[in-house]
1. How much of the DSSP bridge set in the chain is antiparallel, in percent, rounded to the nearest 5?
2. Mind telling me which of 195, 20, 212 comes out most flexible in a GNM of the chain, alpha-carbon contacts under 10 Å?
3. Kindly put 205, 225 in sequence by how many other C-beta atoms sit within 10 Å of each C-beta, fewest to most.
4. Taking the 0 to 90 degree range and rounding to the nearest ten, how far is the long axis of helix 223-241 tilted relative to the main principal axis of the chain, both from C-alpha atoms?
5. Measuring from centroid to centroid over Cα atoms, what is the spacing of the range 157-192 and the range 201-243 in Å?
6. Report, to the nearest 10°, how far helix 120-141 tilts away from the longest principal axis of the Cα atoms in the chain, using its own Cα long axis and a range of 0 to 90°.
7. Counting other C-beta atoms within 10 Å, which of 75, 94, 1 has the fewest, and how do the rest follow?
8. Name the residue, out of 25, 152, 58, whose mean-square fluctuation peaks in a Gaussian network model built on the chain with Cα pairs under 10 Å.
């Protein structure tokens with residue numbers, strides 16, 4: 001398998017790019033690549049680039065950009081995930097799988113029953129770690145963008161686009177009834193509650209922002225499972241609609 005690297009810089013055909021220490025170590029020591037091997041790089045600005053390792057050793061590394069491929073592997077429907085904060089290990093799993101399954105953006109938010117609080121003094125460090133998870137997941141799964149990630153202390157601060165749905169098991173539209181609207185939607189904002197579910201206050205806030213409650217069947221999904229499950233289902237609907 002050809003390695004993929006995300007490089008947050010301008011890239012064009014014919015460039016020779018110097019590798020940062022982290023990427024140099026990954027290619028040289030972890031993957032055991034050497035000069036002449038092929039690497040795919042992307043910068044999130046459209047498509048990906050096929051590159052050749054021009055130099056690689058303990059101290060230096062460089063890639064020659066041979067060609068650009070305008071490929072896109074994004075979902076036809078842009079799904080923006082809003083996840084109420086849950087325990088960190090569950091949250092990190094959700095982030096990774098949501099990227100793999102095509103989330104266009106991810107917003108993390110506080111809520112009445114959120115089990116993770118993020119004080120301002122720890123926020124930058126934690127967000128940097130989470131963004132690294134998004135980058136690594138995008139590299140691994142073949143995406144050519146890295147979804148944006150934002151944190152909101154309050155639920156009312158989240159941004160919404162398109163059809164707005166919040167997962168809730170009571171007094172909600174069921175999945176089959178929502179299918180016609182899901183098929184037509186070009187953008188969906190999908191709000192997932194914390195481990196204890198949305199509180200009445202949360203639901204009032206969400207409804208005031210235009211969210212409609214949705215149930216995804218008779219079983220209750222875990223907080224970290226819901227977003228990946230719904231992303232996969234929406235992807236299947238989009239794929240079926242293209243045929």
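All of the numbers you see were taken from the coordinates with simple rules; none came from a lab. Owing to the predicted nature of the structure, the values given are computational and were not obtained by experimental measurement. Using ideal geometry, Cβ is built from the backbone for each residue, glycine included, and neighbour counts are taken over all protein chains shown.
1. On the way: 15 of 43 bridges.
Antiparallel bridges make up about 35 percent of those DSSP assigns within the chain.
2. Top of the fluctuation ranking is 20.
3. Working: 205 19, 225 15.
Neighbour counts put them in this order, fewest first: 225, 205.
4. 80
5. Rounded to whole Å, the Cα centres lie 6 Å apart.
6. Taking the Cα atoms of the chain, the angle to 120-141 is about 70 degrees.
7. Working: 75 17, 94 25, 1 6.
Exposure proxy ranking, most exposed first: 1, 75, 94.
8. Comparing 25, 152, 58 in a Gaussian network model of the chain, the most mobile one is 58.
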